[in-house]
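Following: one structure in structure tokens, then a few remarks.
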Amino acid sequence: WKHGGIVGVFGYGGGVIGRYCDQPEMFPAVAHFHTIRINQPSGKYYTTEYLEQLADLCEGRGSGITNMHGSTGDIVFLGSHTPQLEEIFWELTHNINQDLGGSGGNLRTPSACLGMSRCEYACIDTQAICHYMTNEYQDELHRPAFPYKFKFKFDGCPNCCVASIARSDLSFIGTWKDDIRMDQEAVKAYVGGELKSNGGAHAGRDWGPFDIQKEVVDLCPGECMAWDGSKLAIDNSN
């Protein structure tokens, strides 16, 4: 396989990655095997109808192989011939109301976790921010002007479910602004075993009683927690 060459759709410099077979005479069916990146909906929500349209398009004009999702976040069509690229682009934008993602030396497709739509831990509306930033930077997304790729990713909380720290250049991470709120009675019930540790995942294993000092307090990187036997204290400034 060889990678590269100028291949794309009219008006866009990104979205299609050129892939060519090094032995096209021997393997004419895969003489071209271009990768097409498609901008995923914010939070990666789909309807069945939408997925069926994508699958039909990929099967009819491409190899039928998809990647849900690439490490950047995009929906990916793996494999298509050059004459089909404009046809795929037309059907995507006119019939499915969907745009290409980013590839090459440009802003890559912004990606977000599902945020406040389903997750109790989300501290920011990742879907709204991702949608806004995608629209704001359309030119940078489709017309490569950078010496290298650049990625935005949006995590609703420090759990980092879209790996914004590991897989992007500019991370947006929601954090809790106010003092941490605790239910001290629930803490005591957790320590005492009335509330099962780790959601009950360790049930049936004799690992001894839960030790909040050893398993929580002493593991805090900021050393901001303290347990006096009946109450958990947290230094919010740390």
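The values are calculated or read from the model by the stated rules, or taken from the named source; none is laboratory data. The model shown is predicted, which means the values in this text are computed figures rather than measured ones. Note that we place each Cβ from the backbone using ideal geometry, even for glycine, and neighbour counts take in every protein chain shown. When the accessible area is computed, the model is the full protein with side chains, heavy atoms only, and any ligands, DNA or RNA have been set aside. Shrake-Rupley method; radii C 1.70, N 1.55, O 1.52, S 1.80 Å.
Here are the numbers for the structure shown:
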quantity	calculated
So Y148, is it open to solvent by 60 Å² or more (accessible area, probe 1.4 Å), closer than 30 Å to G70 by Cα, without any contact (Cβ under 8 Å) to a residue 60 or more places away in the chain and of a type in the set (S, T, Y)	yes
Matching residues in segment 108-145 - criterion: being touching a Leu at 6+ places or on another chain (Cβ under 6 Å) and open to solvent by 30 Å² or more (accessible area, probe 1.4 Å)	Y137, E140
Residue within segment 173-180 that is modelled with pLDDT of 95 or more and within 30 Å of N236 (Cβ to Cβ) present	yes
Test: residue in segment 178-187 that is farther than 30 Å from S42 by Cα and either of a type in the set (G, A, S) or surrounded by 16 or more Cβ atoms within 10 Å (Cβ to Cβ) (or both)	yes
Criterion: in contact with a strand residue (DSSP E or B) (Cβ under 6 Å, 6 or more places away or on another chain) and at pLDDT 90 or above - qualifying residue of I38, I96	I38
H202 more than 28 Å from M116 (Cβ to Cβ), crowded, with 16+ Cβ neighbours inside 10 Å and not aromatic (F, W, Y)	no
Tally, over segment 20-47, of residues that are in contact (Cβ under 8 Å) with a residue 40 or more places away in the chain and part of a strand (DSSP E or B)	5
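Conditions (1) in contact (Cβ under 8 Å) with a residue 24 or more places away in the chain; (2) outside the structural domain of G70 (by the TED database); (3) under 24 Å from R118 (Cβ atoms), marked per residue:
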| residue | (1), (2), (3) |
| --- | --- |
| R167 | yes, yes, yes |
| R181 | no, yes, yes |
| G192 | no, yes, no |
| N198 | no, yes, yes |
| V217 | no, yes, no |
| C224 | no, yes, no |
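Here is a yes/no grid of residues against (1) crowded, with 18+ Cβ neighbours inside 10 Å; (2) within 13 Å of the chain's Cα centre (by Cα):
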residue: A31; (1), (2): no, no
residue: E49; (1), (2): no, no
residue: G64; (1), (2): no, no
residue: G73; (1), (2): yes, yes
residue: V76; (1), (2): yes, no
residue: F89; (1), (2): yes, no
residue: N95; (1), (2): no, no
residue: G105; (1), (2): no, no
